[in-house]
Amino acid sequence: MKPNVGGWDRVLRAVVGVLLIVLAATGVIGVWGYIGIVPIVTAALGWCPAYLPFGISTCKTRD
C-alpha cells in the first residue's frame, strides 16, 4: 500500500472521526456516528481506499 493521505488530510480525518465517536457516545447523534472509526483508521494508516479509483493523493511526493 502506497500512502495517499497527507499531513493535513490525516489530521482532519482524525479530528472528524473522534468528533463523530464522541457525539455518538454522548447520544447527540445516533449510532451511525461510530462510523468515525473509518476516518481514524485511514488517518492512522495513511491510506484511503476511496482515493484509489480517482487517483487522488494528498501526500507530498519527493521525485
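Contact map, segment 35-56: residues that are closer than 16 Å to residue 22 by Cα paired with residues that are exposed (fewer than 12 other Cβ atoms within 10 Å of the Cβ), Cβ distance under 7 Å, separation 6+ or inter-chain. No pairs are found. Inclusion of residue 5 among residues that are surrounded by 15 or more Cβ atoms within 10 Å (Cβ to Cβ) and assigned to a loop (DSSP other than H, G, I, E, B) is warranted. For segment 39-57, the set of residues classified as in a loop (DSSP other than H, G, I, E, B) and either surrounded by 15 or more Cβ atoms within 10 Å (Cβ to Cβ) or touching a helix residue (DSSP H, G or I) at 6+ places or on another chain (Cβ under 7 Å) (or both) consists of 46, 47, 48, 57, listed by residue number. Each residue in segment 20-41 was checked for being among the β-branched types (Val, Ile, Thr) and within 25 Å of residue 4 (Cα to Cα), and 6 of them qualify.
Can you tell me which residue in segment 19-38 is surrounded by the fewest Cβ atoms within 10 Å (Cβ to Cβ), limited to those that are part of a helix (DSSP H, G or I) and in contact with a Leu (Cβ under 8 Å, 6 or more places away or on another chain)? Talk me through it step by step, then tell me what you get.
Let us first name the residues in segment 19-38 that are part of a helix (DSSP H, G or I), namely 19-25, 31-38.
Narrowing further to those that are in contact with a Leu (Cβ under 8 Å, 6 or more places away or on another chain): 33-36.
Details: 33: 19, 34: 15, 35: 12, 36: 23.
Filtering first and then ranking leaves 35.
Values in this text are rule-based calculations from the coordinates and carry no lab data. These numbers come from a predicted model, not from an experiment. In this analysis, Cβ positions are derived from the backbone assuming ideal geometry, glycine residues included, and neighbour counts consider all displayed protein chains.
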